[in-house]
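**Student:** Take a look at the following structure, please.
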Amino acid sequence: MLVRRGPSTGHGDPEFGRGTVTAASGGSDALAAIRGLSEPEVSSWVKELIATARLAPTGVELEDLFIASQIEGMLSADGIVHDVLTLREPWTIDLNAVAAPVTLFHAADDESCPVEGARFLARGLPRAELIEWSEGGHLATASHLPEVLRRVVA
(Lines give C-alpha, C1' and ligand atoms only; values in the text may rest on other atoms or scores of the structure.)
Protein backbone atom coordinates (compact mmCIF):
# COMPACT_ATOMS: atom_id res chain seq x y z
CA MET A 1 0.00 0.00 0.00
CA LEU A 2 1.28 3.44 -0.84
CA VAL A 3 0.03 6.39 1.12
CA ARG A 4 1.14 9.96 0.61
CA ARG A 5 0.35 13.56 1.25
CA GLY A 6 0.55 15.85 -1.71
CA PRO A 7 0.12 15.39 -5.45
CA SER A 8 1.24 12.33 -7.33
CA THR A 9 1.47 11.29 -10.91
CA GLY A 10 -0.08 7.89 -10.14
CA HIS A 11 0.75 4.28 -9.31
CA GLY A 12 2.93 3.75 -12.35
CA ASP A 13 5.24 6.57 -11.33
CA PRO A 14 8.26 5.50 -9.22
CA GLU A 15 7.82 8.64 -7.11
CA PHE A 16 4.27 7.68 -6.10
CA GLY A 17 4.06 7.18 -2.36
CA ARG A 18 7.18 9.19 -1.58
CA GLY A 19 5.45 12.12 0.09
CA THR A 20 5.68 13.05 3.73
CA VAL A 21 3.58 10.04 4.75
CA THR A 22 4.73 6.85 3.07
CA ALA A 23 4.13 3.18 3.73
CA ALA A 24 5.42 1.22 0.80
CA SER A 25 5.62 -2.14 2.54
CA GLY A 26 1.94 -2.38 3.46
CA GLY A 27 0.71 -4.08 6.63
CA SER A 28 0.90 -2.25 9.93
CA ASP A 29 3.19 0.43 8.47
CA ALA A 30 0.50 1.33 5.94
CA LEU A 31 -2.21 1.42 8.59
CA ALA A 32 -0.01 3.60 10.78
CA ALA A 33 0.41 6.03 7.87
CA ILE A 34 -3.32 6.06 7.17
CA ARG A 35 -4.07 6.76 10.83
CA GLY A 36 -2.06 9.97 10.46
CA LEU A 37 -4.19 11.27 7.60
CA SER A 38 -7.19 13.50 8.14
CA GLU A 39 -10.52 12.54 6.56
CA PRO A 40 -10.04 15.11 3.74
CA GLU A 41 -6.56 13.67 3.07
CA VAL A 42 -7.98 10.12 2.95
CA SER A 43 -10.66 11.34 0.55
CA SER A 44 -8.05 12.99 -1.68
CA TRP A 45 -5.90 9.85 -1.65
CA VAL A 46 -8.88 7.63 -2.58
CA LYS A 47 -9.88 9.96 -5.41
CA GLU A 48 -6.33 9.72 -6.74
CA LEU A 49 -6.47 5.92 -6.56
CA ILE A 50 -9.73 5.95 -8.53
CA ALA A 51 -8.31 8.35 -11.11
CA THR A 52 -5.29 6.13 -11.71
CA ALA A 53 -7.13 2.78 -11.70
CA ARG A 54 -6.42 0.83 -14.84
CA LEU A 55 -9.43 -1.39 -15.38
CA ALA A 56 -10.09 -2.38 -18.96
CA PRO A 57 -12.26 -5.02 -20.60
CA THR A 58 -10.54 -8.36 -21.16
CA GLY A 59 -12.83 -9.87 -23.79
CA VAL A 60 -13.87 -12.62 -21.36
CA GLU A 61 -17.54 -11.97 -20.60
CA LEU A 62 -17.49 -13.05 -16.94
CA GLU A 63 -14.34 -11.07 -16.16
CA ASP A 64 -15.70 -8.04 -17.98
CA LEU A 65 -18.88 -8.14 -15.86
CA PHE A 66 -16.70 -8.19 -12.74
CA ILE A 67 -14.59 -5.29 -14.01
CA ALA A 68 -17.74 -3.34 -14.87
CA SER A 69 -18.96 -3.80 -11.30
CA GLN A 70 -15.61 -2.53 -9.98
CA ILE A 71 -15.79 0.52 -12.22
CA GLU A 72 -19.34 1.24 -11.07
CA GLY A 73 -18.20 0.92 -7.45
CA MET A 74 -15.58 3.59 -8.09
CA LEU A 75 -18.00 6.19 -9.43
CA SER A 76 -17.94 7.71 -5.96
CA ALA A 77 -15.09 7.72 -3.46
CA ASP A 78 -17.46 7.68 -0.47
CA GLY A 79 -17.54 3.91 0.09
CA ILE A 80 -13.78 3.49 -0.21
CA VAL A 81 -13.18 6.47 2.09
CA HIS A 82 -15.53 4.93 4.66
CA ASP A 83 -13.68 1.60 4.43
CA VAL A 84 -10.29 3.26 4.92
CA LEU A 85 -11.53 5.32 7.85
CA THR A 86 -13.04 2.18 9.42
CA LEU A 87 -9.78 0.28 9.03
CA ARG A 88 -7.92 2.97 10.95
CA GLU A 89 -9.54 1.85 14.20
CA PRO A 90 -9.11 -1.48 15.99
CA TRP A 91 -11.96 -3.91 15.43
CA THR A 92 -14.08 -4.74 18.46
CA ILE A 93 -15.70 -7.88 17.05
CA ASP A 94 -14.87 -11.24 18.60
CA LEU A 95 -13.86 -13.30 15.57
CA ASN A 96 -14.53 -16.54 17.47
CA ALA A 97 -18.20 -15.49 17.72
CA VAL A 98 -18.66 -15.60 13.93
CA ALA A 99 -20.48 -18.89 13.41
CA ALA A 100 -21.04 -18.64 9.65
CA PRO A 101 -18.59 -20.26 7.25
CA VAL A 102 -16.31 -17.68 5.64
CA THR A 103 -14.25 -18.07 2.49
CA LEU A 104 -11.44 -15.55 2.08
CA PHE A 105 -9.77 -14.94 -1.29
CA HIS A 106 -6.43 -13.16 -1.45
CA ALA A 107 -3.31 -12.88 -3.61
CA ALA A 108 0.09 -12.95 -1.93
CA ASP A 109 1.35 -10.22 -4.28
CA ASP A 110 -1.41 -7.72 -3.36
CA GLU A 111 0.48 -4.51 -2.60
CA SER A 112 -2.66 -2.61 -1.53
CA CYS A 113 -3.89 -5.03 1.13
CA PRO A 114 -1.17 -7.31 2.49
CA VAL A 115 -2.04 -11.01 2.62
CA GLU A 116 -1.18 -11.08 6.32
CA GLY A 117 -4.59 -9.52 7.03
CA ALA A 118 -6.39 -12.41 5.32
CA ARG A 119 -4.18 -14.92 7.11
CA PHE A 120 -5.00 -13.25 10.44
CA LEU A 121 -8.72 -13.49 9.72
CA ALA A 122 -8.41 -17.12 8.62
CA ARG A 123 -6.70 -17.99 11.92
CA GLY A 124 -9.26 -16.08 13.99
CA LEU A 125 -12.51 -17.13 12.33
CA PRO A 126 -13.50 -20.63 13.47
CA ARG A 127 -15.02 -21.68 10.12
CA ALA A 128 -12.75 -19.81 7.73
CA GLU A 129 -11.09 -21.11 4.61
CA LEU A 130 -8.38 -19.00 2.97
CA ILE A 131 -7.87 -19.39 -0.76
CA GLU A 132 -4.49 -17.78 -1.36
CA TRP A 133 -3.06 -17.29 -4.82
CA SER A 134 0.60 -16.52 -5.45
CA GLU A 135 -0.27 -13.80 -7.94
CA GLY A 136 -3.13 -11.68 -9.09
CA GLY A 137 -2.56 -8.42 -7.25
CA HIS A 138 -5.28 -6.38 -5.61
CA LEU A 139 -7.99 -7.50 -8.06
CA ALA A 140 -7.01 -11.18 -8.01
CA THR A 141 -10.62 -12.26 -7.79
CA ALA A 142 -11.08 -10.94 -11.34
CA SER A 143 -8.37 -13.16 -12.78
CA HIS A 144 -9.58 -16.10 -10.67
CA LEU A 145 -13.29 -15.34 -11.08
CA PRO A 146 -14.39 -18.80 -12.37
CA GLU A 147 -12.80 -20.42 -9.28
CA VAL A 148 -14.32 -17.81 -6.96
CA LEU A 149 -17.79 -18.33 -8.42
CA ARG A 150 -17.48 -22.14 -8.25
CA ARG A 151 -16.65 -21.91 -4.53
CA VAL A 152 -19.29 -19.28 -3.72
CA VAL A 153 -22.10 -21.03 -5.59
CA ALA A 154 -21.19 -24.54 -4.38
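The values are calculated or read from the model by the stated rules, or taken from the named source; none is laboratory data. Quick caveat: nothing in here was measured; it's all calculated off a predicted structure. So basically every Cβ, Gly included, is an ideal-geometry build from the backbone, and we count neighbours across all protein chains shown.
**Student:** If LEU37 satisfies all but one of (1) modelled with pLDDT under 75; (2) over 30 Å from LEU130 (Cα atoms); (3) surrounded by 15 or more Cβ atoms within 10 Å (Cβ to Cβ), what's the number of the condition it fails?
**Tutor:** LEU37 satisfies all of (1) modelled with pLDDT under 75; (2) over 30 Å from LEU130 (Cα atoms); (3) surrounded by 15 or more Cβ atoms within 10 Å (Cβ to Cβ) except (1).
**Student:** Out of all the residues in segment 50-67, which are assigned to a helix (DSSP H, G or I), among the hydrophobic types (A, V, I, L, M, F, W, C) and farther than 21 Å from CYS113 by Cα?
**Tutor:** Within segment 50-67, LEU62, LEU65 meet the criteria.
**Student:** Let me ask something additional. Among what's in segment 68-93 and is buried (at least 17 other Cβ atoms within 10 Å of the Cβ) and in a helix (DSSP H, G or I), pick the residue that is farthest from the chain's Cα centre (by Cα).
**Tutor:** Filtering segment 68-93 for residues that are buried (at least 17 other Cβ atoms within 10 Å of the Cβ) and in a helix (DSSP H, G or I), the one farthest from the chain's Cα centre (by Cα) comes out as VAL81.
**Student:** Tell me which residues, restricted to segment 117-136, are out of contact with any His (no Cβ under 6 Å at 6 or more places or on another chain), part of a helix (DSSP H, G or I) and modelled with pLDDT of 90 or more.
**Tutor:** ARG119, PHE120, LEU121, ALA122, ARG123, GLY124
**Student:** Which one is farthest from SER112 (Cα to Cα), of the residues in segment 131-154 that are hydroxyl-bearing (Ser, Thr, Tyr) and surrounded by 15 or more Cβ atoms within 10 Å (Cβ to Cβ)? Walk me through it before giving the result.
**Tutor:** Going through segment 131-154, the residues hydroxyl-bearing (Ser, Thr, Tyr) turn out to be 134, 141, 143.
Now drop any that are not surrounded by 15 or more Cβ atoms within 10 Å (Cβ to Cβ), which leaves 141, 143.
On the way: THR141: 14, SER143: 16 Å.
By that ranking, first place goes to SER143.
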